[in-house]
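The structure appears right after this line, and notes come after that.
Read the figures in this text as sums done on the coordinates, not as results from a lab. Everything numeric here is computed off the predicted structure, so don't read it as measured data. Cβ placement follows ideal geometry from the backbone for every residue including glycine, while neighbour counts extend to all protein chains displayed.
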Amino acid sequence: MLKKFTKYVFQSVASMMGQSVYILADTFFISVSSGANGLAVLNLILPVFGIMFAIGSMIGIGSATRYGIRRAKGEEADHYFTQSISWAVLFSIPFMLIGIFFPDKFLALLGADAELIALGKTYLRIVLVFAPFFMCNYSVTAFARNDYATSTVMAGSLAGSAFNIVFDYIFIFPAGLGFSGAALATAFCPCVTMLVCSTHYFSKKCNIGFKWKKLSVRHLISCCQLGVSAFVGEISSAVITFIFNMLILGLTGSTGVAAYGVVANLSLVGMAIMNGMAQGAQPLISESFGKGASGDVKKLLRWALTCAAAIEIVMVALVWTFTDPFIAVFNSENNQLLLEYAHTGLRLYFLGFLFAGVNIMLVAYFSATANPRPAIIGSLLRGAIAIGICAIVLSRILGMNGVWLSFLASEMITFAVILILSKYKESRKTNEYA
């Protein structure tokens, strides 16, 4: 089982890394072509990606998790995939309408001034019009992963990222499309991933049914309960970025936002690794839970937490050792003020990962074992409530350093709450058996 666990986690991490790379590629090429203003616009748009990814992951991963549990119990689940895709498409429609009719107003709502709106309006329009592909991508990859096609999912994610990197360069520079070219390369990325994953769905190894049933809100809620951890894993980046953008604009202006753009994009890689580990462990935990193998569930949880803790320490050590070289990749103008803000910000912000990985894994564990209450509470704390309160309070006390440290403070609070909830659950079990 350890070999299978290692394989699933590695391939899921690689898949999530692949998904994060296409935003990193945008950041690098945009920093070269548009400088600090380009970075500022991209960082203002990042919450939009976060919202789309969050909704898509909640529907897709939640549905796939519920599907995995029902299948392990021998129950009928052939309609889960079609329901997941259908709901993802429906939820993408408002994004498409905003992209077609109001991209400039939406950018202004995100904090952009006239100059930044002119630069980023077309980029945002293209991204929002492709919302169905971004959101359905989670369903396609999650169900394939739960059908033991982790290798195919990894290949699809890496293929999409490779496409994005190559065509970012082609569209921005040789084709002369600039900022809009970066949007096109990013928009086609999930399409490539889904095309590769479709080879599993059309193969003889596919065990997923494609039965159609009338859309059910009750069914959607049942699935989304188990997708909350995935939702918050994605929405947290959007919430954090939006709050930080507003606070930093007031403290340091657009250069500070550009510096946070560097920090935020590098943190996406960290979040991708942690979310990938959680998503890799989830199918195995759900399967063992569905079969009633409590010993295997505990063993998988122990392995998952050990891996998360080890990766957290390595990640923070790398960031503290290579802080300035990481920043230099995205600072093509050699902006000294940007470097100063990002240097301190990157080091302080990444301290939060000493707790974030364990929190993500614990929340995913509760979801995988059909225990939504602690998963929802933990997810909401780390993704919105705690981080929002900590950012506002600490920024008033410590200024920019308070903004950077709020991620660490919120993850520590979340960790404490999750421990309390887990101990409360165990004590209730003990009393029931007494």
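Fraction of C-alpha pairs exceeding 24 angstrom in segment 170-296: 58 percent, rounded to a whole number.
The string of couplings for segment 364-379 from the Karplus curve (6.51, -1.76, 1.60, θ = phi - 60°) is 5, 4, 4, 5, 5, 9, 6, 10, x, 4, x, 5, 5, 4, x, 5 Hz, one whole number per residue in order, with x for Gly and Pro. Couplings 3J(HN,Hα) of segment 56-69, computed from phi: x, 6, 4, 5, x, 6, x, 5, 5, 5, 4, 4, x, 5 Hz, in residue order, whole Hz [Karplus 6.51 cos²θ - 1.76 cosθ + 1.60, θ = phi - 60°; x for Gly and Pro].
Rounded to the nearest 20 debye, the dipole magnitude of segment 190-326 is 920 debye, with +1 charges on Lys and Arg beta carbons, -1 on Asp and Glu beta carbons, and the Cα centre as origin. Label-to-label distance for Ile93 and Arg396 is 4.2 nm, based on points extended 7 Å past Cα in the beta-carbon direction. Each of the peptides 85-95, 346-356 was scored by the mean count of other Cβ atoms within 10 Å over its residues; in descending order, highest first, they stand as 346-356, 85-95. The charge dipole of the chain, taken about its Cα centre with unit charges on the Cβ of Lys, Arg, Asp and Glu (plus for the first two, minus for the last two), comes to roughly 1780 debye. In summary, the lysines within cross-link reach of Lys121, defined as a Cα separation below 28 angstrom excluding same-chain residues under 8 places away, comprise Lys105. Positive end of the dipole of the chain (Cβ unit charges, origin at the Cα centre): among Gly290, Gly111, Ala36, the Cα lying farthest that way belongs to Gly290. For segment 176-227, trypsin sites (Lys or Arg not before Pro) meeting the loop criterion (DSSP other than H, G, I, E, B) and having at most 13 other Cβ atoms within 10 Å: Lys204, Lys205, Lys211, Lys213, Lys214. For the listed residue pairs Lys211/Lys291; Lys73/Lys298; Lys7/Lys298; Lys204/Lys299; Lys213/Lys291; Lys7/Lys423, the alpha carbons are over 22 angstrom apart in Lys211/Lys291; Lys204/Lys299; Lys213/Lys291; Lys7/Lys423. Each Lys and Arg Cβ is given +1 and each Asp and Glu Cβ -1; about its Cα centre, segment 103-169 then shows a dipole of about 140 debye. Using every pair of distinct Cα positions in segment 269-401, the Kirkwood expression returns a hydrodynamic radius of 16.7 angstrom.
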